[in-house]
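**Student:** Next up is a structure, given as structure tokens.
What follows draws every value from the coordinates through simple rules; no lab data is involved. What you are looking at is a predicted structure, and each value in this text was computed from that prediction instead of being measured. Every residue, glycine as well, gets a Cβ built from its backbone with ideal geometry; the counts of neighbours run over all protein chains shown.
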Amino acid sequence: MDKLVIRGGNPLIGTIRVSGAKNAALPAMAAALLTDEPVVLENIPDVRDIQTERKLLESMGAEVELGYGRAHHRTTLCARKLANPEAAYELVKTMRASTLVLGPLVARCGVARVSLPGGCAIGARPIDLHIKGLERLGATITTEHGYVEARAERLRGNQIVFEKITVTGTEDLMMAAALADGLTVMENCAREPEVADLAALLNKMGARIEGAGTSTISIHGVEKLHGARHRIIPDRVEAATFIIAGALSGGDLLVTGCDPHHVTALLQKLEENGVKVRAITSDTVRVEGDGALHASDVTTEEYPGFPTDMQAQYMALTTQAEGTSVITENIFENRFMHAQELVRMGANIKIEGRRAIVRGKTPLSAAAVLASDLRASASLVLAALVAEGETIIDRVYHIDRGYERIEEKLRGVGAQIKRIGEMLPRRGIAEAS
């Protein structure tokens, strides 16, 4: 099992480029199940979850070609024949996005059998909203032995009001409704950029979707969808992670290939922290950190609020901010597991239910720490960048699920970071380089 070894103290200076959004690429790949024609996706990130999705789609009978060489970030998918409309547990146990094939499969094949999802251990991710929505569209649902099975001769349009905002539920039912008979109107929808990106792909495939990116989405079902070519949006969480890295390290960092509008909540919060950060162009953000960070409270919310996927990284920053910061997690009930690892590095953090109280500025020192989930991994990397000594982060397969070659990108702007294999002797940065 790989580990990351990081020696802190170097400011990040230079340019770092953001990859395509994992959370946009996964539903886009699932959307290819809706047609028997090729779908070409560009700007696909080279991360573990994409490989898992590829294996999942291939197990159903789809052809998936991941590009190499100059076409490294391009994927061609063709679900001409779907002989096995099932998402088996062994393929989806590490990835909650498996639920995104439920809607497309029942819409296209009339039947779907999908294992209940896995992913990060950050709290419950129930799919009851997916199930209720599909039942509203006329599907018959049974759940047993850890699998959800849905059947329908053809889905029928209907009104769906989500009891709570759900990103994957919005995406899953939007795909299902694209092939339903009649009009579907969904209310209290997720407004994330990834939802709008999926709708843009579906419309290129012949769907008739209006309102994606707002709380109300209308889908006029069509008989058939066709192939299309689509470029995946930049990964806003990766961009935000690098922006925080620049601010935390006291560096001068250009983050390129991103969409500054997608990280507005973070940029505004960092200004409260005293960070100089601004959009230079339509796809570039510059962040300058002088080490004088101020405490500021934050509450995670659905988009366009402060994202839960940035809570852990922001906590790492507040450990180095003067004063007390209160971080309130409103999305997931178990997303403070990184806090104890930060405490092992010297942070002063107290957990009270859904609130984390962080008292800074406290010096951080190197330690052996354990990554518990994808974004927790990123927070430990950020903390290690400013810790004294050499930090070893274990279970980095979590970070590989969503960050493309993060050690190479950070090393390119001055970080002392190295990946080592479990069977290699434990060595320092200088020896391992």
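**Student:** Note down the magnitude of the dipole of the chain about its Cα centre, charges +1 on Lys and Arg C-beta and -1 on Asp and Glu C-beta and zero elsewhere, to the nearest 20 debye. Walk me through the intermediate numbers first.
**Tutor:** Values: 50 positive and 55 negative charges, 94 e Å.
Dipole magnitude for the chain comes out near 460 debye.
**Student:** Another one. When 288, 163 are ordered from fewest to most other Cβ atoms inside 10 Å of their Cβ, what list results?
**Tutor:** Fewest-to-most Cβ neighbours within 10 Å comes out as 163, 288.
**Student:** OK, next. Dipole of the chain (Lys/Arg Cβ +1, Asp/Glu Cβ -1, origin at the Cα centre): which of 72, 267, 102 lies farthest to the positive side?
**Tutor:** 72
**Student:** Next question, about the same structure. With +1 on each Lys and Arg Cβ and -1 on each Asp and Glu Cβ, and nothing else charged, work out how big the dipole of segment 22-231 is about its Cα centre, in Debye to the nearest 20. Before the final figure, lay out each step's value.
**Tutor:** Working: 25 positive and 26 negative charges, 49 e Å.
Charge dipole, segment 22-231, about its Cα centre: 240 debye, nearest 20.
**Student:** Here is a follow-up. Any idea how far the Cα center of segment 1-80 sits from the one of segment 156-224, in Å?
**Tutor:** Taking the Cα centre of segment 156-224 as reference, the centre of segment 1-80 is 23 Å away.
**Student:** If you don't mind, there's one more thing I want to ask. Among 369, 379, 295, which residue has its Cα furthest toward the positive end of the charge dipole of the chain, with +1 on Lys/Arg Cβ and -1 on Asp/Glu Cβ?
**Tutor:** It is 369, whose Cα lies furthest towards the positive end.
**Student:** Can you find, among 207, 177, 10, the residue farthest towards the positive end of the dipole of the chain? Put +1 on the C-beta of Lys and Arg, -1 on that of Asp and Glu.
**Tutor:** 10
**Student:** Obtain the nm distance between the two label points defined at residue 59 and residue 1 by a simple spin-label model: each point lies 7 Å from its Cα along the Cα-to-C-beta direction.
**Tutor:** In this crude spin-label approximation the distance works out to 2.2 nm.
**Student:** Right, here's the next one. At a threshold of 8 angstrom on Cα-Cα distance, excluding pairs fewer than six apart, so keeping six or more, what relative contact order does the chain reach in percent?
**Tutor:** On the way: 1082 pairs, mean separation 90.9, N = 433.
It comes to 21 percent, rounded to a whole number.
**Student:** Sticking with this structure for a sec: Rounded to the nearest 20 Debye, what is the dipole magnitude of segment 228-300 about its Cα centre when Lys and Arg each give +1 and Asp and Glu each give -1 at the C-beta?
**Tutor:** Working: 7 positive and 10 negative charges, 61 e Å.
That gives a dipole near 300 debye.
**Student:** Compute the relative contact order of segment 22-231 as a whole-number percentage, counting only Cα pairs closer than 8 Å that sit 6 or more residues apart in sequence. Could the numbers behind the result be given before it?
**Tutor:** Details: 486 pairs, mean separation 42.8, N = 210.
It rounds to 20 percent for segment 22-231.
**Student:** Between their Cα atoms, which of 3/409; 3/55; 3/93; 22/409; 132/269 are more than 28 Å away from each other?
**Tutor:** Values: 3/409 16 Å; 3/55 25 Å; 3/93 22 Å; 22/409 17 Å; 132/269 36 Å.
Listed pairs above 28 Å: 132/269.
**Student:** Two decimals, Cα atoms only, Kirkwood Rh: what is Rg/Rh over segment 22-231? Walk me through the numbers on the way to the answer.
**Tutor:** Numbers: Rg = 15.3 Å, Rh = 16.5 Å.
Checking Rg against Rh, the ratio lands at 0.93.
**Student:** Could you work out the relative contact order of segment 242-301? I mean the mean sequence separation of Cα pairs under 8 Å and 6+ apart, divided by the number of residues, in percent. Don't skip to the end; give the middle numbers.
**Tutor:** Working: 94 pairs, mean separation 25.3, N = 60.
Relative contact order for segment 242-301 comes out at 42 percent.
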